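Notes follow once the structure below has been shown.
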Amino acid sequence: MDLKEALASVVGPEHVDPAGDRHLQDVTENPPGQAEFVVRPNTADELRAIVVLAHERALAVTPVVAGYNVAGIAIPRQGGIVLDLTRMDHIVELDRDAMYVVVEPGVTFGQLKAFLDVEAPELVYTYPFAPPFTSVMANALLDGLNNLSMPHGAMGKWINGVEAVLADGEVVRTGSGAVVGRWFSRAPVPDLSGLFVSTQGTTGIVTKIALQLQPKPAHRQRWLALGEDLASAYGAMRALARTHSFDDCGLMTWPAAKQLFGATRDLRKADDEPFAYLMIDITGASAAELDARLELGKEILGANGIDQRFDADEVARLVPALAKMAELPTTLDFLLDFPGGGLTWVGSYGPGDQWVSGAQRGMDLLVEHGFPPFLVSRPMDGGHYFVLRFVANFDKADLGEVERVRTVMGKLADAVLDHQYVPYKPSSDAARRILDRAHPGFVRMLDRVRDAVDPDRRMNPGRW
Ligand SMILES: Cc1cc2nc3c(=O)[nH]c(=O)nc-3n(C[C@H](O)[C@H](O)[C@H](O)COP(=O)(O)OP(=O)(O)OC[C@H]3O[C@@H](n4cnc5c(N)ncnc54)[C@H](O)[C@@H]3O)c2cc1C
């Protein structure tokens, strides 16, 4: 049977197509890839049958949901099959008592939010600034950063366990759900869930993931505070995170705000405009708890020289563009619809004591290469580490600009590593720079793991 017929016999002919632009390129500067067919399975059994078929025919397999990772890491690099997982969009289980949800790869942030609002209004998940149509699972497997990552850490930490298909078709399970059928925790079995985190699909394709939920506090307020320099913004973020009393403190420098308010080209900061915008989320189980936290927040901001603070909901009523950020998930069209359509970044996690110098170096690099100093950040995991993410919009049709963006992203990856920050969701280029500096034992261990689960390197080849 030829390949197309064989694939169609598993998923039906209407779910097999020649690979086209949607799957061969993305919004970034990474070059287009190639693949023979895109296949859209509906169930874990169908997915497994396709992986077995690919294994028998020695074909590469690249999984993808929305393809909005912003690193080129779902672009197929060695032909073969693209597994489009958007049809596997079932919310498999909700455990309100143990506070977790089990989802398939195609479940989106918009879908999960709508589901929880109805089925478990006392619980919440945590949302990125990624569009509502992107995958909850992919974001967790990529160790992403969401709006409760300041108290609770990167998204890999929210994973209680997975079910996955290895390169040869073997189905495996990790976490407590591997033993007792309920996914309340990763502990206390050997922690194999990490084998699937930040590996970009190279260790297997996850078909189900158990993710923690959090209680939803009854009272909430959001501030927009304005910072005049990096040091005061860092001081405020660090102090807020260490109290464990605040849900989020997201920072964006002025080019982000300018773009949010509608500017595109020729971004310039006027003297009377703030340098950085801090979005601070404050919640409380009771009105008294919220009030106490608001008081603490005022003290912390004042002690760090941040005197301009507004109720973000009131500002959003006056400035509708800001309303976009009020409720997540949301589509940041100012990033996605930028003229020319290109969007890319280097995002990284690293130590607080290197934050100010790392932020300055990255912004200088952007400016030196003709891009505005667009930085996004937040403290992570109670202030144990911080984010440095440098963002560039560009014109995909302007080859000179694409080359410039490639150069600066490479330099940014090196610059963050120089400051002991490690790129997350790394592009192939950034992953190479990470491995060049990594302890040889880490590199060998990664190789040995891949030798064990995918000796022929057919799972999302070209990564790591
Ligand atoms: C404007 C914008 C803002 C964003 N903001 C944030 C943010 O604040 N925080 C954040 O963390 N991210 C952010 N993102 C990045 C990204 O969109 C999210 O992390 C998102 O959840 C990824 O989902 P996706 O469907 O696009 O994944 P895809 O790009 O389809 O897949 C991501 C990776 O996972 C692999 N993969 C997919 N499915 C599986 C599977 N079942 N098993 C194994 N591997 C798999 C793919 O091969 C790929 O390498 C943003 C993106 C955009 C465009």
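In terms of packing, defined here as the mean over residues of other Cβ atoms within 10 angstrom, the peptides 247-256, 203-212 line up highest first as 203-212, 247-256.
To the nearest 20 debye, what is the magnitude of the charge dipole of the chain about its Cα centre, counting +1 on the Cβ of each Lys and Arg and -1 on the Cβ of each Asp and Glu? Before the final figure, lay out each step's value.
Numbers: 45 positive and 61 negative charges, 149 e Å.
Using Cβ point charges on Lys, Arg, Asp and Glu, the chain gives about 720 debye.
Taking the Cα centre of segment 91-215 as origin and assigning +1 to Lys and Arg Cβ atoms and -1 to Asp and Glu Cβ atoms, the resulting dipole is close to 180 debye.
Dividing the Cα radius of gyration of the chain by its Kirkwood radius returns 0.96 for Rg/Rh. Working from the alpha-carbon coordinates of segment 414-464, get Rg over Rh, Rh being the Kirkwood radius. Here the Rg-to-Rh quotient is 1.01. Here segment 221-424 is treated as a Stokes sphere of Kirkwood radius computed over C-alpha pairs; at 10 °C and 1.306 mPa s its diffusion coefficient rounds to 90 µm²/s.
Within the shell of other residues whose beta carbon sits under 10 angstrom from the beta carbon of Pro255, the net charge comes to +3, with Lys and Arg scored +1 and Asp and Glu -1.
With point charges of +1 on the Cβ of Lys and Arg and -1 on the Cβ of Asp and Glu, referenced to the Cα centre of segment 98-204, which listed residue (Pro188, Asn139, Gln111) lies farthest in the positive direction of the dipole? Value: Pro188. Using C-alpha pairs below 8 Å separated by at least 6 residues, the relative contact order for segment 91-215 is 30 percent. Within the shell defined by Cβ-Cβ distances under 10 Å, the residues around Ala19 carry a net charge of -3, with Lys and Arg each +1 and Asp and Glu each -1. Near Pro217: Cβ cut-off under 11 Å, other residues only, Lys/Arg at +1 and Asp/Glu at -1. The net charge is -1. Only Cα sites of segment 248-321 enter the Debye sum here, all with the same form factor; the resulting log10 I(q)/I(0) across q = 0.16, 0.20, 0.23, 0.25 1/Å is -0.71, -1.01, -1.20, -1.30, listed in q order. Considering only alpha-carbon pairs that sit under 8 angstrom and 6 or more positions apart, the relative contact order computed for the chain is 17 percent. In the chain, the calculated helix contribution to ellipticity at 222 nm averages -10000 deg cm²/dmol per residue, counting -39,500 (n - 2.57) for every DSSP H run with n ≥ 4.
Under the definition of Cα pairs under 8 Å and six or more residues apart, what whole-number percent is the relative contact order of segment 1-51?
On the way: 47 pairs, mean separation 19.4, N = 51.
Worked out over segment 1-51, it gives 38 percent.
Just so you know, all these numbers are worked out from the coordinates, no wet-lab data involved. Only a predicted model underlies this, so the values are computations on that prediction, with no experimental measurement involved. Cβ: placed from backbone, ideal geometry, glycine included. Neighbour counts: every protein chain shown.
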